[in-house]
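Participant: I have a structure I would like to understand better, so I am pasting it below and will then ask my questions one at a time.
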Amino acid sequence: MHLFVAPRVVTRNIDIDHNIMADVPSRVNNVFPRLEDIPPEARFTEDLSPYQDGDLYLIGGKVKRWYGDKTKVLSPVCVMKDGKAEQVLVGEAAELTSEESMKALKAATDAFDGGKGEWPRMRTSERLRCMQKFVTAMKTVREQSVRLLMWEIGKTRGDSEVCISVLTKSSLSLNTERV
């Protein structure tokens with residue numbers, strides 16, 4: 001039998017300057033900006049409304065809209081609203097069920113087809129064309145993606161730009177005719 005003994009905690013009288021402590025709430029209230037004071041280039045949507053496409057999902061190469069339950073996505077970034085610090089509603093995310101999970105797994109398994117599917121048999125130059133098409137599409141939503149990373153997970157703008165740049169750099173600009 002093991003016996004856990006908590007360590008003794010020694011406390012001392014600490015003199016607290018109550019004038020400083022009384023000012024804490026007002027100082028905390030000034031830490032967070034009001035949503036409307038955030039510069040347009042830092043907002044996740046131009047009109048500060050929540051992101052609208054969190055109910056889209058991809059299965060078998062097709063984008064579908066989810067009409068079932070959704071989860072609110074709150075930013076870790078707080079703003080002042082009605083005198084209180086509040087997390088910002090970024091949008092909603094689809095709460096897909098096990099049925100959609102199994103459909104996605106089946107679509108992926110069918111597409112791979114034990115190494116005999118379309119993608120595994122595709123020539124390298126064709127795969128590169130597919131990736132270039134993806135990169136081109138990502139470039140059209142680059143700024144939106146950067147802002148969503150900033151608000152959804154609290155990344156800095158610089159870190160968010162680096163993450164998206166990894167996807168959108170012209171590293172796939174290989175000559176597909178030679179591959």
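The values are calculated or read from the model by the stated rules, or taken from the named source; none is laboratory data. Only a predicted model underlies this, so the values are computations on that prediction, with no experimental measurement involved. Neighbour counts are summed over all protein chains in view; Cβ atoms, including those assigned to glycine, are modelled from backbone coordinates with ideal geometry. For the accessible areas, the whole protein counts, side chains as well, though only heavy atoms, and no ligand, DNA or RNA atoms are used. Shrake-Rupley method; radii C 1.70, N 1.55, O 1.52, S 1.80 Å.
Participant: Which members of segment 43-55 meet the condition of being among the hydrophobic types (A, V, I, L, M, F, W, C) and either outside any loop (DSSP other than H, G, I, E, B) or open to solvent by less than 40 Å² (accessible area, probe 1.4 Å) (or both)?
Facilitator: Within segment 43-55, just 44 meets the criteria.
Participant: Scan segment 64-78 and give yes if some residue there is open to solvent by 70 Å² or more (accessible area, probe 1.4 Å), without any contact (Cβ under 8 Å) to a residue 60 or more places away in the chain and in a helix (DSSP H, G or I), otherwise no.
Facilitator: no
Participant: Oh, and also: Got a sec? Which of 124, 136 is over 30 Å from residue 33 (Cβ atoms), open to solvent by 40 Å² or more (accessible area, probe 1.4 Å) and under 22 Å from the mean Cα position of the chain (by Cα)?
Facilitator: After ruling out the rest, the residue left standing is 136.
Participant: Looking at 58, 96, which is the one that is touching a Gly at 6+ places or on another chain (Cβ under 8 Å), over 21 Å from residue 155 (Cα atoms) and not in a helix (DSSP H, G or I)?
Facilitator: 96
Participant: For the condition in contact (Cβ under 8 Å) with a residue 40 or more places away in the chain and of a type in the set (D, E, K, R), what is the one hit in 100, 86?
Facilitator: 100
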